[in-house]
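What follows is a set of notes on a single structure, which appears directly below.
Read-outs: derived from the displayed coordinates by stated rules, not from any lab. On a predicted model such as this, the values are computed, not experimentally measured, just so you know. For neighbour counting, all protein chains shown are included, and Cβ atoms are generated from backbone atoms with ideal geometry for every residue, glycine included.
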Amino acid sequence: MLVVMAGLPASGKSTIAVQLSARLGAVLLSKDKVRATLFPSELIEYSSSQDDFCIEIILQAAGYILERNPSSIIIIDGRTFSKRSQIQRIEAAAEHFRTKLKIIECVCTDETAQRRIAQDKGIHLAANRNFDLYLRLKADSDPIELPKLILNTDRADLEENVPAAERYLTSANSISNRAACQPESMK
């Protein structure tokens, strides 16, 4: 199974992904970690083309893992997946790998994102991560039209969001009614 962690910068994707991968024994592949590993700091661009390159490397790794262990759960983190073409690429990969695709979209208020970005300044792997980037990406986002789970991460309530994500991923069927999986606070 491929799991996409979607959402704007500072929406809580990585926090949820780390907890979720530990609970499920999933493989967590992070675009930011792949970029930092592949490119020396002077060659890091934070460009769409470099993001695409890193995602392609992640998909190659996912394919390798799934070929050897088709029951693997692979969580892809570190990209907003806010463009239709980005979701379509992952959808095509899941089809090629003959595996399920599940999408978890993390959302929060602008105020929460701004606070988190300020707290993470100088700590986060993505050095270009700032509130102006958040606002630009938000203004240019396409809605994700595939079935998904939406997690409101305004409250740092991992005790509610992580189990909701785990239930979504381990349910027998893909959920088309996202409200059915949302934490009670989101309904």
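Brief remarks follow.
- Rg then Dmax, both in Å and based on the Cα atoms of the chain: 15.7, 46.
- In sequence order, the stretch 40-52 has phi-based couplings of x, 3, 6, 10, 6, 10, 6, 9, 4, 5, 6, 4, 4 Hz under the Karplus curve 6.51 cos²θ - 1.76 cosθ + 1.60, θ = phi - 60°, and Gly or Pro positions carry x.
- Backbone geometry of the stretch 57-62 corresponds, through the Karplus equation with coefficients 6.51, -1.76 and 1.60 at θ = phi - 60°, to 3J(HN,Hα) couplings of 5, 4, 5, 4, 5, 4 Hz, x marking Gly and Pro.
- Label point 7 Å beyond Cα of LEU158 along Cβ direction - residues of the stretch 30-48 with amide nitrogen under 20 Å: 30-33
- For the options LEU158, LEU149, LEU38, a Gaussian network treatment of the chain with springs between C-alpha atoms closer than 10 Å singles out LEU38 as fluctuating the most.
- The slack between LYS83 and SER47, meaning 0.36 nm per residue of separation minus the straight C-alpha distance, is 11.5 nm.
- Comparing ALA17, ALA118, ALA93 in a Gaussian network model of the chain where C-alpha atoms under 10 Å apart are linked, the largest mean-square fluctuation is found at ALA118.
- Residues of type aspartates and glutamates that LYS31 reaches as a straight line, Cα spacing below 15 Å, ignoring anything fewer than 8 places off in the same chain: GLU45, ASP51, ASP52, GLU56, ASP77
- Around GLN88: net Lys/Arg minus Asp/Glu count, Cβ-Cβ under 12 Å: -1
- Residues in the stretch 1-38 that a label on THR170 would reach, taking backbone N under 11 Å of a point 7 Å out along Cα→Cβ: 23-25
- Within the shell of other residues whose beta carbon sits under 15 angstrom from the beta carbon of CYS108, the net charge comes to -1, with Lys and Arg scored +1 and Asp and Glu -1.
- Under a Gaussian network description of the chain, with springs only between Cα atoms under 10 Å, the residue in ASN161, ASN69, ASN152 that fluctuates furthest is ASN69.
- Neighbour cut-off at most 11 other Cβ (10 Å), DSSP loop, trypsin sites (Lys or Arg not before Pro), the stretch 64-116: ARG98
- Computed over neighbours whose Cβ is under 12 Å from that of LEU169, the net charge equals +4, Lys and Arg +1, Asp and Glu -1.
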